[in-house]
1. Take the residues of region 202-236 that are part of a helix (DSSP H, G or I) and among the charged types (D, E, K, R): which is nearest to L143 (Cα to Cα)?
2. Of all the residues that make up region 46-55, how many are part of a loop (DSSP other than H, G, I, E, B) and either on the phi < 0 side of the Ramachandran plot or of a type in the set (D, E) (or both)?
3. For region 56-77, indicate whether the set of residues that are outside any helix (DSSP H, G or I), touching a helix residue (DSSP H, G or I) at 6+ places or on another chain (Cβ under 8 Å), among the charged types (D, E, K, R) and modelled with pLDDT of 95 or more is non-empty.
4. Just to be sure I understand the filter: pairs with C-beta atoms under 9 Å, separated by 6 or more residues or on different chains, first member in region 150-170 and farther than 17 Å from I231 by Cα and among the hydroxyl-bearing types (S, T, Y), second member surrounded by fewer than 19 Cβ atoms within 10 Å (Cβ to Cβ) and modelled with pLDDT under 90. Which pairs pass?
5. Report, ordered by the first and then the second residue, all pairs with beta carbons closer than 6 Å, sequence separation of six or more or different chains, a first member in region 64-80 that is surrounded by fewer than 24 Cβ atoms within 10 Å (Cβ to Cβ), and a second member that is among the hydroxyl-bearing types (S, T, Y) and not in a helix (DSSP H, G or I).
6. Let me spell it out: the conditions are (1) crowded, with 17+ Cβ neighbours inside 10 Å; (2) touching a Gly at 6+ places or on another chain (Cβ under 6 Å); (3) among the hydrophobic types (A, V, I, L, M, F, W, C), and V146 meets all of them except one. Which number is the exception?
7. Could you tell me whether region 208-223 includes any residue that is within 23 Å of L110 (Cα to Cα), at pLDDT below 90 and surrounded by fewer than 16 Cβ atoms within 10 Å (Cβ to Cβ)?
8. Return the total of residues in region 180-190 being crowded, with 20+ Cβ neighbours inside 10 Å and under 13 Å from G228 (Cβ atoms).
Amino acid sequence: MIGRTRTEGGTHRPSGRDSDRQAGQREAPAPAETPAGNVAGRRLDERPLSNSVALVTGAGRGIGRATAIALAALGARCVLTARTPGGLEETDDLIRAGDGPAATLLPLDLADGGSIDRLGPTIHERFGRLDILVHAAAALGALTPVPHGTDRDWTAAMAVNLHAPWRLIRTAAPLLERAPAGRAVFLGCDILRSPAAPDAFWGMYAAGKAATAALVRSWADEMRHHAGLRILLHDPGPARTRLRALALPGEDPAALPSPDEAGRVIAGLCLPVRHTP
């Protein structure tokens, strides 16, 4: 797998919500720590992520794109994945327009397990490090009565919503564990709690998301003594995204917030913390 950065001419060369917590850990009195910057308010401490490398999935649109832009604004060198090269290039253009470092673009389908497995080695070969993983990609799949689901429906839903997160953890963990302030953020789904989307017909999507949450909590508990690594489940809340429009076509998108705010919040979760007396 060869990453691509873009020249100015466009050619390619090799190259939420406040319910967040460390997944799997009990709530405790907050230590005297503050993020080394304030991305939501655009008040930064000289780009606190300027030496960091961030992998963002689903970066071709929506919350994944907004998160990549926010991380780049904080100085992170972003490695972006999505199925469509065009969406990734648009995200890279927006990053550059905000004076962020040029991104490395890795078009891939998260249903392709082998491509995910190669992400860690590819990032290590190119950058020698990985500090941040944000898994924002998801697939809606078939909304159908449970007995009516086909083998194909189930396989497609689990490939992206469960198998992909597991493979991402497996390929990224060795690098994140060596990072000075490793961060892994996995997005939950507000849609499943919306009054307009009852539990009926959501079985396959919900099963994948619930299983991923259990997987992430287990990994976080296994890493609870690793002082430098934070593993988070984060619900970004409703946002004006393509996935939400597909899931809830009767909802007025104008009433929903832009993904930009969600992206800034997620980027804030990826900041290192500084201890204050």
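1. The initial filter retains those residues of region 202-236 that are part of a helix (DSSP H, G or I), namely 203-222.
Those left that are additionally among the charged types (D, E, K, R): 209, 217, 221-222.
Numbers: K209: 14, R217: 26, D221: 32, E222: 34 Å.
Filtering region 202-236 for residues that are part of a helix (DSSP H, G or I) and among the charged types (D, E, K, R), the one nearest to L143 (Cα to Cα) comes out as K209.
2. First pass over region 46-55, keeping only residues part of a loop (DSSP other than H, G, I, E, B): 46-52.
Still in the running and either on the phi < 0 side of the Ramachandran plot or of a type in the set (D, E) (or both): 46, 48-52.
Matching residues across region 46-55 total 6.
3. Checked region 56-77: at least one residue is outside any helix (DSSP H, G or I), touching a helix residue (DSSP H, G or I) at 6+ places or on another chain (Cβ under 8 Å), among the charged types (D, E, K, R) and modelled with pLDDT of 95 or more.
4. Sorted first by the residue in region 150-170, then by its partner, the pairs are T150/A142; T150/T144.
5. Short answer, once both residue conditions are applied: G75/S50.
6. (1)
7. Yes, region 208-223 contains at least one residue that is within 23 Å of L110 (Cα to Cα), at pLDDT below 90 and surrounded by fewer than 16 Cβ atoms within 10 Å (Cβ to Cβ).
8. Final tally of qualifying residues: 3.
The values are calculated or read from the model by the stated rules, or taken from the named source; none is laboratory data. As the structure is a prediction and not an experimental result, all values here were calculated from the model. When we count neighbours, we look across all protein chains shown, and the Cβ atoms used for this are built from the backbone with ideal geometry, even at glycine.
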